[in-house]
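The structure appears below as structure tokens.
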Amino acid sequence: MRRLAIAAAAMFVAATAGAQMYRWVDKDGKVQYTDTPPPAAAKSVQKRATAPGPTSTGPAAPYAVQQAAKNFPVVVYTSPDCGQACADGKALLAARGVPYREVAVGPESGMSAEEMKKTTGSDSVPVMMVGRSATRGFETELWHSALDAGGYPRSAPPLSAAAQKAAAAPAAKADAPKAEPAPVEPEKPKGPYAPK
């Protein structure tokens, strides 16, 4: 029964994605959310347009994809001479409906291989980061497993061609993820009561 309710909710979200939503209070004081205008007696009516996802040009990405992208954003490191492995990796992400940011690595691209190694632990491309977890090289099942672990559903609609192009645009050097700063040692207490 619970699975049926979740499936129905997911279908409702998918059906209303990109639509006008209304938030209103009924005569009993209960808050209602509908995709149709509320009755005339409704109080505190608010119109809310469903916002499109960050890399889409059509309806919003499914809720599960939005949550996964928020908690475990995907960054793919490529280079101009990466070849088929990078193309296959990006095709897998597009087919699975995963929004991602591409960082080009190379002397003319803005990020050096040394900088990539500090960030990802790898000196060769492609590398897919799902949150802080790196998957080096391209292997279909490894990439699927990493995306599954990040909460990306396998059944999301594919990215449109325009959304894929926008998502795959190489990121500027300034946008590249930064390496974690080294931990700072806490300062030791001073004074007559400090432990010796």
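The values are calculated or read from the model by the stated rules, or taken from the named source; none is laboratory data. These numbers come from a predicted model, not from an experiment. Here the Cβ is made from the backbone with ideal geometry for all residues, glycine too, and neighbour counts use every protein chain on show.
Mind checking whether some residue in segment 140-155 is among the aromatic types (Phe, Trp, Tyr), assigned to a loop (DSSP other than H, G, I, E, B), touching a residue at least 40 places away in the same chain (Cβ under 8 Å) and over 16 Å from ALA69 (Cβ atoms)? No, that holds for no residue.
Hey, could you check segment 84-119 for residues that are assigned to a loop (DSSP other than H, G, I, E, B) and of a type in the set (Ser, Thr, Tyr) and say which is modelled with the lowest pLDDT?
To start, the set of residues in segment 84-119 that are assigned to a loop (DSSP other than H, G, I, E, B) comprises 97-99, 106-110, 112.
Imposing the further condition that a residue be of a type in the set (Ser, Thr, Tyr) reduces the set to 109, 112.
Working: SER109: 75, SER112: 88.
Among them, the one singled out is SER109.
Can you go through PRO37, PRO59 and tell me which one is part of a loop (DSSP other than H, G, I, E, B) and modelled with pLDDT of 55 or more? So that I can check it myself, show each step before the final result.
Numbers: PRO59 fails: modelled with pLDDT of 55 or more.
Matching residue, one of PRO37, PRO59: PRO37.
Residues that are crowded, with 19+ Cβ neighbours inside 10 Å and assigned to a helix (DSSP H, G or I) within segment 63-83 comprise VAL65, ALA68, ALA69, listed in sequence order.
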